[in-house]
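Novice: Here it is, the structure in full.
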Amino acid sequence: MYRLPPQANRQGTFRLQLFTAPGLRPVAIATQKPGTGEGASLTNAAETYAATVWQQHFPDDPEPPIWLAHMIIDDMRDLTMVTFTVDPAKHTLREPQWRQISPTSVDALVGGPVDLERGSGFTPPEIEPDPEPTYVARWVMMLPRPAPFRKNGCMAAGVPWWRRLGRQLVPRRGGRDCCWYHGGDWHTVSNLAIRLAAQAKASGVSFEDTPPYVLDHPDSQGLTEWEREALLSLMVDTIRPYAPWPRREGYNNGQHRAQALLDAGVRRILIEHLAE
């Protein structure tokens, strides 16, 4: 079992298999079962996981090992090859790109059969007291850089500073038919979520009871179907950035919505924040 070192500043475990041969680029296969106490997923922490393995196991190599991410969720297997933009001098990675790869292709890549199970020896990390979650409003312009992994044409990774500023000056309202994330008016949904969450907090409503408070509030009853789904997503499937832009830590959750919010020029958005 591989566990991120303390200096990574986040928790994460997975099974790590390394395949090496003289003159060939190493292959690293990371296998993880999200939701079983393994910490950050192979998707949300792709750059950190791959860069840490590169730094620890192949520090003299000019590029990281070929990185294969294998997530096991119930009976579903998601096996992908992940490529990155590489900074050889700093041994850091960014802009991950995913593409599906078959088990047969994995066997061919390493020159033999590969066991793609999670393996034994997994020891969950020691349980630490959970930080108290709370809803807070954040400036959308300062959200970290999204790296959407769905391949919609409207989800081009990243939003440069001039585009962030331009959308704030000339915001987009309404929806588009390219995908769900761009499908409605995030301005309306965001303003309502921020106002009602603040109202709930002032009334002494707990974090856990805030979603039904917001969704059952009379002001939420006139929303369109898309707006209600979007409001539900902000309250339950919360946006959770690691650090503000321009730092590159990314998201624990919500980067596709963050991309849509930046594209629309929304001023502020409700996120989940963990109090220290």
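A short reminder: the numbers here are calculations on the coordinates, not readings from a lab. As the structure is a prediction and not an experimental result, all values here were calculated from the model. Cβ atoms come from the backbone with ideal geometry, glycine included; neighbour counts cover every protein chain shown.
Novice: With a 10 Å radius around each residue's Cβ, average the other Cβ atoms per peptide and rank 15-28, 189-202, highest first.
Specialist: Working: 15-28: 14.9, 189-202: 18.8.
Final packing ranking: 189-202, 15-28.
Novice: Here is a follow-up. Magnitude of the Cβ-charge dipole of region 161-276, K/R +1 and D/E -1, about the Cα centre, nearest 20 debye?
Specialist: Details: 15 positive and 14 negative charges, 160 e Å.
The calculation lands at about 760 debye.
Novice: Under unit Cβ charges (Lys, Arg +1; Asp, Glu -1), what dipole magnitude, rounded to 20 debye, does region 2-110 have relative to its Cα centre? Could the numbers behind the result be given before it?
Specialist: Values: 9 positive and 11 negative charges, 31 e Å.
Here the size comes out at about 160 debye.
Novice: Further question: Which of SER105, ALA258, GLY23 sits closest to the plus end of the dipole of the chain, meaning its Cα is farthest towards the positive end, when Lys and Arg get +1 and Asp and Glu get -1 on the C-beta?
Specialist: With unit charges placed on the Cβ atoms, the residue in question is ALA258.
Novice: List, in order, the whole-Hz ³J(HN,Hα) value for each residue of region 85-93 obtained from phi through the Karplus relation with A = 6.51, B = -1.76, C = 1.60 and θ = phi - 60°; use x for Gly and Pro.
Specialist: For region 85-93, the Karplus-derived couplings read 7, 10, 10, x, 5, 9, 6, 10, 10 Hz, x marking Gly and Pro.
Novice: Moving on to the next point. Which of HIS91, HIS70, HIS217 moves the most in a Gaussian network model of the chain with Cα springs under 10 Å?
Specialist: Most flexible of the set in this elastic network: HIS217.
Novice: Plugging the Kirkwood radius over Cα pairs into Stokes-Einstein for region 132-275, at a temperature of 10 °C and a viscosity of 1.306 mPa s, what D comes out in µm²/s? Please list the in-between numbers first.
Specialist: Numbers: Rh = 15.3 Å.
Roughly 104 µm²/s, to the nearest whole number.
Novice: Could you give the alpha-carbon Rg of the chain over 2.2 N^0.38 Å, rounded to two decimals?
Specialist: 1.11
Novice: Quick check: from the Cα gyration tensor, does region 33-136 come out rounded (a/c under 1.5), prolate or oblate?
Specialist: On the way: a/c = 1.78, a/b = 1.20, b/c = 1.48.
The shape class here is oblate.
Novice: Shifting gears a bit: By the gyration tensor of its Cα atoms, with a ≥ b ≥ c the square roots of the eigenvalues, what is the shape of region 197-276: rounded for a/c under 1.5, prolate for a/b over b/c, or oblate?
Specialist: Working: a/c = 2.31, a/b = 1.35, b/c = 1.71.
It is oblate, given that a/c is not under 1.5 and a/b is not larger than b/c.
Novice: Also: Ranking TRP186, TRP161 by Cβ neighbours within 10 Å, fewest first, what do you get?
Specialist: Working: TRP186 29, TRP161 10.
Going from sparsest to densest Cβ surroundings: TRP161, TRP186.
Novice: If you count, for each residue, the other Cβ atoms within 10 Å and average over each peptide, how do 138-148, 221-231, 167-177 line up from highest to lowest?
Specialist: Working: 138-148: 19.8, 221-231: 15.5, 167-177: 13.2.
Descending mean neighbour count gives 138-148, 221-231, 167-177.
Novice: Related question: Of the listed peptides 260-266, 53-59, what is their order by residue-averaged count of other C-beta atoms within 10 Å, with the highest listed first?
Specialist: Working: 260-266: 23.9, 53-59: 16.3.
Going from most to least packed, we get 260-266, 53-59.
Novice: Please state the charge dipole magnitude for the chain, taken about the Cα centre, from unit charges on C-beta atoms (+1 on K and R, -1 on D and E), reported in debye and rounded to the nearest 20. Walk me through the numbers before you get to the answer.
Specialist: Details: 29 positive and 31 negative charges, 242 e Å.
The calculation lands at about 1160 debye.
Novice: Amide H neighbours of ILE73 under 5 Å, counting only residues 5+ apart in sequence or on other chains, H built in-plane at 1.01 Å?
Specialist: Sorted by chain and number, the residues that satisfy this are ASP78.
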